[in-house]
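These notes are about the structure you will find just below.
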Amino acid sequence: MKGFILASFTLALSGCQLLPEQSAEPKNAQASANGQLDYVAMLQAVEQNDMQQDNANHRLFVPYQHHKTVVNYVEQMALELVDTMQQESELGIAITSFVDLDASLKTSSQLGNQLSETMLHQLQKFGFGVVDFKAMDVISVTSRGDFVMSRDIEELAERRIASHVLTGTLIYRPNGVEVNARVINLNSKLVIASAQKVIPYFVLKNESIQSATASVN
């Protein structure tokens, strides 16, 4: 009898010890699951922050050292234009200032004028006939110097001396200036060639070229 009571008491004690252990398992599992969820959320937050930082760095990327110039970009655009104009190499092309893409299409800048001057050299180097419509019929001799170029319309030749014109627009993007160039037939207004490039701001800054004459589009 005593043995039976002792066994029952021992079993009861064992049951009391087992019950807390069994009830503790779900709590530990729940805590572990919560920990995993917190860890996953933390990783997602870190990855999202890294992506935002990468995007910001891409927009504001400025290399410590580079050898790019505006001429490099204009040369690439000229190559694109030449690829389209191979069958019409005997053109007489006039090149005008590149303008801001605004309502008037008559706002230019130092960048717009430099692009037209550099494009003139590039096309002539590739063998195309380039017309300088700013050249006067006579040389103007003054005390300040001898001049043959003018922007006075009355001093320039009235006859049409070009069959085509190369012009372009400037669009100010967050990372640089988007340049769109095109060659147009003056008679038919048909675009026979086009090219597009984005010149980064750090390239323009390196050459001290003023370009910010329009708002960012």
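Points worth noting:
- Residue within region 89-108 that is touching a strand residue (DSSP E or B) at 6+ places or on another chain (Cβ under 9 Å), surrounded by 11 or more Cβ atoms within 10 Å (Cβ to Cβ), at pLDDT below 85 and under 30 Å from SER163 (Cα atoms) present: yes
- Evaluation of ASN187 against (1) at pLDDT below 80; (2) outside any strand (DSSP E or B) (one fails), failing number: (1)
- Single match in VAL198, VAL177, VAL203 (criterion: modelled with pLDDT of 80 or more, outside any strand (DSSP E or B) and within 19 Å of the chain's Cα centre (by Cα)): VAL203
- Leading residue by the ranking (farthest from PHE98 (Cα to Cα)) among those in region 120-132 that are surrounded by 14 or more Cβ atoms within 10 Å (Cβ to Cβ) and without any contact (Cβ under 8 Å) to a residue 40 or more places away in the chain: GLY129
- Looking across THR142, THR167, THR118, one residue alone is more than 33 Å from the chain's Cα centre (by Cα) and either hydroxyl-bearing (Ser, Thr, Tyr) or modelled with pLDDT of 85 or more (or both). It is THR142.
The values are calculated or read from the model by the stated rules, or taken from the named source; none is laboratory data. Since this is a predicted model, take the numbers as computed values, not measurements. All Cβ positions, even for glycine, are placed from backbone atoms using ideal geometry, and neighbour counts span all protein chains on display.
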